[in-house]
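Encoded as structure tokens, the structure appears first; notes follow it.
The values are calculated or read from the model by the stated rules, or taken from the named source; none is laboratory data. The structure displayed is predicted, hence computed values, not measured ones. Virtual Cβ from ideal backbone geometry, glycine too; neighbours counted across all protein chains shown. Side chains included, ligands, DNA and RNA excluded: accessible areas come from the protein's heavy atoms. Shrake-Rupley method; radii C 1.70, N 1.55, O 1.52, S 1.80 Å.
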Amino acid sequence: ATAAGGWPAVCGKFRAARTLSAVESLKDPETEPYRSKYSARALLQEVKQLLSAAEEGGEARVLAVRRAVLEYELGVNHTDTEELSAGEEHLQRCTQLLEPHRLSPHCVSLYIQAQNNLGILWSRRDEIETAQTYLESAEALYNQYMKEDGNPPLDPSEHFMAEEEKLTDQERSKRFEKAYTHTLYYLAQAYQHLDMIEKAAQYCHTTLKRQLEYCGYYPVEWARNAATLSQYYLSKECFMEARHCLAAASVIFSQAGQVPSAEDNETEQDQHDLPERKAEIARCWIKYCLNLLQSARKLLEDNIGELDPDRQLELKAQRKNEEDEKEKGRKKAVLFGTSDICDSVLAMEEKVSSVYPLDFQEAREIFLVGQNYVQEAKEFFQVDGYVTDHIEIVQDHSALFKVLAFFEEDYERRCKMHKRRIDMLEPIYADLNPQYYLLICRQLQCELADTYFEMMDLKVAIGNRLEKLDSHTVKKINSLAQFAIKYYELFLDSLRNPDKVFPEKLEEDVLRPAMVAKFHIARLYGKLITSDSKKQLENMQTSLEYYTFLVDYCEKYPDAVPAVETELELSKEMVSLLPASMERLRANLSPCV
């Protein structure tokens, strides 16, 4: 009943508008980025006019839905060209037209997609709460429709198709589910913006599962989202879930550039970014191994930070009992993907444990996996061009050695592990300009100092087992102590102002590190071994000065006390004990009368 060419011509125009928008617009020149979008808009306006001309004879509901489809397309078109107010008007008109029929198979998919787009539109205005209401109402409508009807609804494009072109039920279902997946995806982002982290993670997980189920994903983006989700699970110490996300990320990532998926129009740019994305996933694996080892250490350490053998036996016995049951139940809740993907993911998971390591052997296996990923990440994040990333990766490598050393019983071998940390951190520190990288320099100064301190403590413990301290061990202990002092002093010097004056009151972020540095220097001067009593007195005097600094500072600024309670207590004790020891030493020094 329409003008020349009748209904097929209207459908043709509508289809042409969609092609312009989806396909041609990708080729628009940078000087006219919206050229095809504007042409599509003109065609949609024409279709709209042709429809109004045909209003007389048609069935009211059919016409209302067709008009709603056009309002929807115009709404998305205006949103794409950054004209948000016009976009909002069209989308609102679309939902008003559909409101009475929103639960019918003809309208439900279109209504949900209109709500999704209103959600996107409001989040682009940074009005996240408003976006959330639209998206949650789309989610509720999907659930209600599936409960009350559940038949695959029409795809919006079918309202401008001839009978014989209509989609199969399977295709309808796929498109409807995809629209709903988009709802969940945008909700996950909204919840994240609103700091509803648990909810965001739950929605992100469901989105990822659905994308795999319906083969609607870009491998690189999917892998990146799964790897990001793994970091959330790590923060909750859910290692099984974290490992599952990472294994799935690695498996899906390997499809990039190989498997054409339903959505596979990843651009040249994505191909170009592959090495970086792969290195990012490797970095998430490093964090996984490190966190698993560190959490195990927390469970196993006694009050002085050593491995508690009774606790170890107890945890091993406990683990034997509950291992199988717990895994099965939790596993079902998180599994990603169809059976062939599942098999690859399981194979990937089997390469590294997700239960707490309870002895050196178990810890070493996790350490080695982490270390492999360190090498992989460093291949891309090299010092030239990626200074901060590269250093963070090396710091993680050092942290892996540190936590592995906790599980090592032999002091000599433990010492060697700390030496490996020194060897990787010192050259990096030496090359850094503190003017540009002050914060990283301070981190490295503290870590190097702590590592030398730890090695010195170990050498003292080894020396204590000997009948008599040989000169080689004495030299070693003194040299390690001197290096530790050097790095602590470098750190403390970095806090001085340009006139080299140490701050009266320390900033919150450096308070604890500075106090610990002062405390450790005091202890180190007390550990230096010398047969020259005069030198020993000097060392004791220096030691006393550093202990006194801590005590005086905390008296002056009581709010500093909680940051250094243990150190303060020991410092007070030393401040009261040292003068007497020094007196005795002086008495021995003075020639007898």
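If only residues of region 545-568 that are of a type in the set (D, E) and more than 38 Å from the chain's Cα centre (by Cα) are counted, the one that is least open to solvent (accessible area, probe 1.4 Å) is D552. The criterion of at least 1 residues that are surrounded by 14 or more Cβ atoms within 10 Å (Cβ to Cβ), without any contact (Cβ under 8 Å) to a residue 24 or more places away in the chain and touching an Asp or Glu at 6+ places or on another chain (Cβ under 8 Å) is met, among helices (runs of 4 or more DSSP H) falling completely within region 1-102, by 35-53, 60-80, 84-98.
Could you tell me whether L400 is over 18 Å from N372 (Cβ atoms), part of a helix (DSSP H, G or I) and at pLDDT 95 or above? No; evaluated as a whole, the condition is false for this residue.
Here the condition is being touching a Gly at 6+ places or on another chain (Cβ under 7 Å), part of a helix (DSSP H, G or I) and under 30 Å from A68 (Cα atoms); of Y186, Y203, it holds for Y186 alone. Of all residues in region 417-437, exactly one satisfies the criterion of being in a loop (DSSP other than H, G, I, E, B) and acidic (D, E), namely D431.
Just checking, which of L212, L229, L208, L246 is at pLDDT 95 or above and in contact with a helix residue (DSSP H, G or I) (Cβ under 8 Å, 6 or more places away or on another chain)? Step through it out loud before you land on a result.
Working: L212 fails: at pLDDT 95 or above; L229 fails: at pLDDT 95 or above; L208 fails: at pLDDT 95 or above.
The conditions single out L246.
Residues considered: L63, L26. Of these, the only one that is within 28 Å of S123 (Cα to Cα), of a type outside the set (D, E, K, R) and modelled with pLDDT under 90 is L26.
Matching residues to (1) open to solvent by 20 Å² or more (accessible area, probe 1.4 Å); (2) farther than 25 Å from N433 by Cα; (3) in a loop (DSSP other than H, G, I, E, B):
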site	(1), (2), (3)
I462	yes, yes, no
L466	yes, yes, yes
V474	yes, yes, no
F483	yes, no, no
E489	yes, no, no
D509	yes, no, no
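Out of curiosity, is I112 within 25 Å of the chain's Cα centre (by Cα), of a type in the set (A, V, I, L, M, F, W, C) and part of a helix (DSSP H, G or I)? No. Scanning region 491-506 for residues that are among the aliphatic types (A, V, I, L, M) and open to solvent by 30 Å² or more (accessible area, probe 1.4 Å) turns up just one, V501. Taking the criterion of being part of a helix (DSSP H, G or I), surrounded by 22 or more Cβ atoms within 10 Å (Cβ to Cβ) and among the hydroxyl-bearing types (S, T, Y), the only residue of region 209-232 that qualifies is S230.
You will find that of Y145, Y134, the residue that is over 31 Å from the mean Cα position of the chain (by Cα), in a helix (DSSP H, G or I), crowded, with 23+ Cβ neighbours inside 10 Å and in contact (Cβ under 8 Å) with a residue 12 or more places away in the chain is Y145 and no other. In region 103-123, the residue that is surrounded by the most Cβ atoms within 10 Å (Cβ to Cβ) out of those that are closer than 17 Å to S157 by Cα and of a type in the set (A, V, I, L, M, F, W, C) is A114.
The number of residues in region 366-382 that are exposed (fewer than 15 other Cβ atoms within 10 Å of the Cβ) and either of a type in the set (D, E, K, R) or in contact (Cβ under 8 Å) with a residue 12 or more places away in the chain (or both) comes to 1.
Taking (1) within 30 Å of S531 (Cβ to Cβ); (2) part of a loop (DSSP other than H, G, I, E, B) in turn, D499 satisfies each apart from (1). Taking the condition of being open to solvent by 30 Å² or more (accessible area, probe 1.4 Å) and under 25 Å from the mean Cα position of the chain (by Cα), how many residues in region 425-441 meet it? Going through region 425-441 one residue at a time, the tally reaches 3.
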